[in-house]
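Inspection log for the structure reproduced underneath, given as structure tokens.
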Amino acid sequence: IMKLQSRLNAYTNPAGLFFEEGILLNVPLHLLSGWTECYCAPYDQYMTSDDLDSESMGTLVMMGARLRNSSTLALAAIGRRSVVFPDDVFSEKPTLENGVYFYRFWNAVGFSDTEEIDLNDVDVAQPE
């Protein structure tokens, strides 16, 4: 999870800020100027609500994943923090934001290219 260092009132693209729509694949870390990493942990470590709800997250967030020691995000998505991490953790319906369906339900958080997401022991979706 990364946060934007400066405050933005709306989607803007200041010179040098990496901002793209949709699910992003193979994003080199060197392109992420203007973003600050604020959470990084292996998949076997649980995120908490405190990790997601911190005001230090900024206005926009980028959620992504990379292989250990890789200099590339394997996949990522960007959205407004208020939409990506909503206060209502009881809604099973994902929210469309910036061309991506983001979801947060209890301990499950993530994104998909489809709103048909089955939240079980693992998050499962049928790609379109």
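Observations on the model:
- Scope the range 22-80; condition of a type in the set (D, E, K, R) and open to solvent by 60 Å² or more (accessible area, probe 1.4 Å); matching residues: Glu37, Asp44, Asp50, Asp53, Glu55, Arg66, Arg68, Arg80
- The residues of the range 81-106 that are part of a strand (DSSP E or B) and either free of Cβ contacts under 8 Å to residues at least 40 places away in the same chain or in contact with a helix residue (DSSP H, G or I) (Cβ under 8 Å, 6 or more places away or on another chain) (or both), listed by number, are Thr95, Leu96, Glu97, Tyr101, Phe102, Tyr103, Arg104, Phe105.
- Residue match in the range 104-111 (condition: more than 19 Å from Tyr46 (Cα to Cα) and either open to solvent by less than 60 Å² (accessible area, probe 1.4 Å) or modelled with pLDDT of 90 or more (or both)): no
Here's the yes/no breakdown for (1) closer than 20 Å to Asn98 by Cα; (2) in contact (Cβ under 8 Å) with a residue 24 or more places away in the chain:
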{"residue": "Leu24", "(1), (2)": "yes, yes"}
{"residue": "Val27", "(1), (2)": "yes, yes"}
{"residue": "Leu31", "(1), (2)": "yes, no"}
{"residue": "Trp35", "(1), (2)": "yes, yes"}
{"residue": "Tyr39", "(1), (2)": "no, yes"}
{"residue": "Tyr43", "(1), (2)": "no, no"}
{"residue": "Met47", "(1), (2)": "no, yes"}
{"residue": "Asp50", "(1), (2)": "no, no"}
{"residue": "Gly58", "(1), (2)": "yes, yes"}
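- Enumeration of residues in the range 84-94 that are surrounded by fewer than 19 Cβ atoms within 10 Å (Cβ to Cβ) and farther than 22 Å from Ala41 by Cα: Asp87, Asp88, Phe90, Ser91, Glu92, Lys93
The values are calculated or read from the model by the stated rules, or taken from the named source; none is laboratory data. Since the structure is predicted, the reported quantities are computational estimates derived from the model, not experimental observations. Using ideal geometry, Cβ is built from the backbone for each residue, glycine included, and neighbour counts are taken over all protein chains shown. Please note that ligands, DNA and RNA were not included when accessible areas were found on the heavy atoms of the full protein model with its side chains. Shrake-Rupley method; radii C 1.70, N 1.55, O 1.52, S 1.80 Å.
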